[in-house]
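Values in this text are rule-based calculations from the coordinates and carry no lab data. Bear in mind that the values here come from a model prediction, so they are computed numbers and not experimental data. Positions of Cβ are backbone-derived with ideal geometry, glycine not excepted, and every protein chain shown enters the neighbour counts.
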Amino acid sequence: MNKTVNPKNLTPADDSGPLYAARKKVYPQSVNGTFRRIKWGLMAFCLGVYYLLPFVRWNRGIGAPSQAVLIDLPNSRFYFFFIELWPQEVYYFTGLLIVAAVALFLMNSVGGRIWCGYLCPQTVWTDLFYAVERLVEGDRRERMRKDKSAGALTLKRVSEIVLKHATWLMIAWWTGGAWVLYFSDAPTLVKNLVTFQAPMVAYAWIGILTATTYVLAGFMREQVCTYMCPWPRIQAALTDEWALNVTYRYDRGEKRTSVKKAAELRALAQQVGDCVDCYQCVAVCPTGIDIRNGPQLECIQCGLCIDACDNVMTKIGRPKRLIGYDNDINIQRRQDGKAPIYRIVRARTVVYSAIIAAVGGIMLYTLATRSLLDINVLHDRNPVAVELSDGSIRNAYTVRLLNKSGYDRIVAIDADGPVNLIIHVVGVDSVTPDRPMIVVPRDSTSELRLLVTAPAENNPEKSIPVHFHLTDIGLGVVASTTDHFVAP
Amino acid sequence: MTDHHSDIDSVSGKSTTGHEWDGIKELNTPLPRWWVITFYLTIVWAIAYWVVYPAWPLISSNTTGMFGYSSRADVAVELANLEKIRGGKMAALGAASLADIEKDPALLALARAKGKTVFGDNCAPCHGSGAAGAKGFPNLNDDDWLWGGTLDQIMQTIQFGARSGHAKTHEGQMLAFGRDGVLKPDEIVTVANYVRSLSSLSTRNGFDAAKGEKIFAENCVACHGDGGKGNQEVGAPNLTDKIWLYGSDEATLIETISQGRSGVMPAWEGRLDPATIKAMAVYVHSLGGGK
Ligand code: SF4
Ligand code: SF4
């Protein structure tokens with residue numbers, strides 16, 4: 001039987017070319033199929049989220065921003081639906097980055113560069129730009145012909161080119177426009193943008209992102225993935241033999257020949273493969289490679305070649321998935337006459353999932369239980385302690401009270417330590433002796449100067465711990481912190 | 001070596017530069033066009049930069065560039081803008097009374113912030129950056145005040161100074177009882193020990209307290225008051241408390257009594273505007289010792 005094919009007999013990837021070669025323009029052909037549909041769906045989803053999210057409203061009460069997702073740089077706040085983050089909580093972003101990185105690893109260990117093929121902004125926008133190009137200039141053959149006869153600049157051709165670039169620029173411009181909407185109230189900013197009253201920095205960012213989108217998605221395209229992006233290099237170290245990659249199943253036989261020839265050879269019971277060498281898989285590939293040469297750095301795993309080949313196989317009545325998501329182990333197993341096995345649950349994926357669950361869990365837990373009232377205390381260093389005329393000792397502290405809730409709070413400050421301590425907040429006359437009360441407006445911090453005095457009769461020796469308690473008079477919520485009281 | 005450009009490398013079939021080192025020849029591979037274009041663009045950019053921005057040094061100045069751009073002028077504009085933004089707040093500070101400033105959290109925060117920077121620029125050389133003072137320079141964090149520690153008194157001292165020469169300055173001298181021959185050396189030792197006893201510090205063996213009290217009553221009470229409680233009218237310190245501007249050990253006291261003391265605090269009126277002086281008074285008062 002014609003079962004075993006030595007991979008060494010396959011055409012090897014051609015890497016003997018010059019170190020520097022001019023780019024060969026890629027003209028990907030349109031294709032229909034499962035993966036194309038998945039890609040359209042994900043593209044619509046990603047772009048929809050990106051462009052529309054700034055307009056989603058979220059009611060946070062009067063005076064607070066009502067934009068669901070808002071990065072409020074002037075006030076150092078980040079709003080995400082029901083979450084409001086303060087600058088001292090940036091570690092949530094660290095957590096988010098860890099989750100994102102490990103999720104990328106997990107995707108990679110399950111299905112190779114899924115990120116690259118379906119979700120990466122470079123892929124999504126390039127795909128969109130290709131769609132526009134196809135709509136205006138026609139499919140692969142037409143575009144190739146038009147580019148070749150560049151001399152024939154008829155009115156129709158010129159208007160096509162203008163239309164294409166104008167549409168690209170509009171998309172690019174709106175991409176930059178959507179970006180700045182995340183940093184300011186979106187409807188207001190849109191109004192200010194069109195009436196030229198938005199801040200300069202907004203226009204600058206729109207300009208920058210318009211230019212990058214236009215250049216990266218319109219001109220650089222697959223070159224970004226091949227030459228600029230570090231991920232293809234890194235992911236090679238993260239993948240393993242179980243990861244599903246877009247694979248040409250050479251176990252389905254060689255040699256490649258025409259349908260007619262193949263039928264003849266089969267009739268003679270001779271060795272022949274399913275591939276009819278129609279080059280459809282190459283024609284549709286957005287990075288311009290031939291997947292039949294095996295795994296390649298350029299392949300972004302978009303699956304379009306699978307669709308292309310499936311269409312061919314259907315037409316010639318052979319089983320589909322001559323190209324498919326698979327791994328080398330299974331090719332070997334099929335050649336050995338064994339059933340393929342797929343293992344999604346393996347040590348690697350379990351560990352990645354566990355890390356994601358753990359970090360995500362910790363983040364959710366701390367988010368749910370974090371205190372909306374907090375006190376930070378900074379001991380004065382200069383001078384550390386002061387002796388008063390009656391011999392008592394005084395330490396001064398800079399106290400910062402944080403009220404992260406949406407309502408004003410009246411709070412009382414107490415200090416306790418091993419000796420009797422008298423406290424006073426500068427500018428506050430205590431009604432209750434020794435228990436200064438302060439109003440902390442909602443969603444803000446108050447900085448106070450706090451004086452702590454140890455009476456002469458119970459002067460501490462050197463350094464004693466002091467506990468500061470902040471009590472919400474209305475709700476009884478308490479926040480505490482510990483510092484030191486020092487004698488000179 | 002032959003003509004540079006007709007030298008063809010036999011392996012790659014490309015022309016070489018014709019240079020040869022130890023039998024190794026360099027292929028004549030042109031730089032990528034985008035690279036060359038970028039390079040020329042940087043040159044154009046550099047020339048444009050020379051023309052547009054102030055660049056060429058002349059003997060005493062420099063070329064001003066096409067649009068007269070100057071970073072100094074930019075800073076001046078920004079400072080003016082800042083002044084405009086802050087002007088209102090500082091005006092509010094200037095209009096409010098000292099007591100009101102301490103009651104209003106926003107004004108207090110502004111006064112403390114402003115006072116702190118101005119203190120750092122003007123007062124820190126003597127009083128220290130944290131106002132902890134030094135020998136001869138009062139600690140402004142404690143509650144002992146030579147000239148009074150209420151908001152108004154502090155502001156007055158900042159405005160007019162002490163022994164500063166200003167018409168309204170605080171006056172008052174610690175006389176040089178030894179140098180001027182008013183007291184004999186042994187009397188000085190006795191009164192020094194007496195002063196130490198006022199704040200319960202140890203005294204010399206065999207010191208005559210009655211004699212000390214007598215000398216004190218005759219010479220010191222006029223300024224330091226009965227029992228040495230001090231007098232802020234003349235800046236005479238309280239000698240019964242724990243705080244000593246020049247030191248409380250016997251040697252220092254003997255030096256103080258025999259040589260006298262007259263530390264100078266400059267007047268800040270005229271050098272700082274009224275609102276700033278007010279801010280500084282509030283800042284000093286809020287350090288903790290203010291009355
Ligand atoms: S080889 Fe196939 S999966 Fe890879 S980039 Fe090309 S079309 Fe996409
Ligand atoms: S599309 Fe399928 S049949 Fe056609 S060349 Fe590619 S692998 Fe072969």
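Please enumerate the residues belonging to segment B:131-144 that are in contact (Cβ under 8 Å) with a residue 60 or more places away in the chain and more than 9 Å from chain A (Cβ to nearest Cβ).
Correct list: B:135, B:136, B:137, B:138, B:140.
State which residue is nearest to the other protein chains (Cβ to nearest Cβ) when the search covers only segment A:402-422 and only residues that are closer than 26 Å to residue B:132 by Cβ and among the β-branched types (Val, Ile, Thr).
A:422
Identify, from the list A:222, A:137, the residue that is touching a Lys or Arg at 6+ places or on another chain (Cβ under 7 Å) and surrounded by 15 or more Cβ atoms within 10 Å (Cβ to Cβ).
A:137
Would you check which residues across segment A:225-239 are surrounded by 15 or more Cβ atoms within 10 Å (Cβ to Cβ) and either part of a helix (DSSP H, G or I) or acidic (Asp, Glu) (or both) and list them?
Scanning segment A:225-239 gives A:225, A:226, A:231, A:232, A:235, A:238.
Could you please give the count of residues in segment A:296-345 that are farther than 25 Å from residue A:225 by Cα and within 16 Å of ligand 1 (Cβ to nearest atom)?
Of the residues in that region, 7 qualify.
Might you let me know whether segment A:221-244 holds any residue that is within 14 Å of chain B (Cβ to nearest Cβ), hydroxyl-bearing (Ser, Thr, Tyr) and within 16 Å of ligand 1 (Cβ to nearest atom)?
The answer is yes; a qualifying residue exists.
Is it fair to say residue A:262 is away from ligand 1 (no atom under 16 Å from the Cβ), crowded, with 18+ Cβ neighbours inside 10 Å, away from every other protein chain (no Cβ under 14 Å) and not in a loop (DSSP other than H, G, I, E, B)?
Here the answer is yes, as residue A:262 does meet what is asked.
Within segment A:302-319, work out how many residues are surrounded by fewer than 20 Cβ atoms within 10 Å (Cβ to Cβ) and either in a loop (DSSP other than H, G, I, E, B) or touching a strand residue (DSSP E or B) at 6+ places or on another chain (Cβ under 8 Å) (or both).
Within segment A:302-319, residues that are surrounded by fewer than 20 Cβ atoms within 10 Å (Cβ to Cβ) and either in a loop (DSSP other than H, G, I, E, B) or touching a strand residue (DSSP E or B) at 6+ places or on another chain (Cβ under 8 Å) (or both) number 3.
Only residues that are of a type in the set (Gly, Ala, Ser) and more than 25 Å from residue A:21 (Cβ to Cβ): list them for segment A:196-239, please.
Of everything in segment A:196-239, those that are of a type in the set (Gly, Ala, Ser) and more than 25 Å from residue A:21 (Cβ to Cβ) turn out to be A:198, A:202, A:204, A:207, A:211, A:237.
Residues of segment A:366-390 being more than 14 Å from chain B (Cβ to nearest Cβ) and of a type in the set (S, T, N, Q), which ones?
Correct list: A:366, A:369, A:371, A:376.
If you check every pair at least six apart or on different chains, which have Cβ atoms under 9 Å apart with a residue in segment A:285-309 that is within 14 Å of chain B (Cβ to nearest Cβ) and farther than 21 Å from residue A:252 by Cα first and a residue that is within 14 Å of ligand 2 (Cβ to nearest atom) and part of a loop (DSSP other than H, G, I, E, B) second?
Sorted first by the residue in segment A:285-309, then by its partner, the list stays empty.
Within segment A:316-329, identify whether any single residue is away from chain B (no Cβ under 14 Å), within 15 Å of ligand 2 (Cβ to nearest atom) and within 21 Å of residue A:24 (Cα to Cα), and answer yes or no.
Taking every residue of segment A:316-329 in turn, none turns out to be away from chain B (no Cβ under 14 Å), within 15 Å of ligand 2 (Cβ to nearest atom) and within 21 Å of residue A:24 (Cα to Cα).
Within segment B:247-261, can one find any residue that is in a loop (DSSP other than H, G, I, E, B) and touching a residue at least 60 places away in the same chain (Cβ under 8 Å)?
Within segment B:247-261 (the criterion being in a loop (DSSP other than H, G, I, E, B) and touching a residue at least 60 places away in the same chain (Cβ under 8 Å)), the answer is yes, since at least one residue qualifies.
Check whether at least one residue in segment B:71-94 is among the polar types (S, T, N, Q), away from chain A (no Cβ under 14 Å) and either surrounded by 15 or more Cβ atoms within 10 Å (Cβ to Cβ) or under 23 Å from the mean Cα position of the chain (by Cα) (or both), and report yes or no.
Taking every residue of segment B:71-94 in turn, none turns out to be among the polar types (S, T, N, Q), away from chain A (no Cβ under 14 Å) and either surrounded by 15 or more Cβ atoms within 10 Å (Cβ to Cβ) or under 23 Å from the mean Cα position of the chain (by Cα) (or both).
Any chance segment B:35-42 includes a residue that's within 53 Å of the chain's Cα centre (by Cα) and over 30 Å from residue A:23 (Cα atoms)?
So far as segment B:35-42 goes, no, none of its residues is within 53 Å of the chain's Cα centre (by Cα) and over 30 Å from residue A:23 (Cα atoms).
Being among the charged types (D, E, K, R) and either within 12 Å of residue B:132 (Cα to Cα) or more than 7 Å from chain B (Cβ to nearest Cβ) (or both) is the filter here; which residues of segment A:391-401 pass it?
Within segment A:391-401, just A:400 meets the criteria.
Evaluate segment B:5-22: report whether one residue or more is within 14 Å of chain A (Cβ to nearest Cβ), more than 30 Å from residue B:277 (Cα to Cα) and of a type in the set (Phe, Trp, Tyr).
So far as segment B:5-22 goes, no, none of its residues is within 14 Å of chain A (Cβ to nearest Cβ), more than 30 Å from residue B:277 (Cα to Cα) and of a type in the set (Phe, Trp, Tyr).
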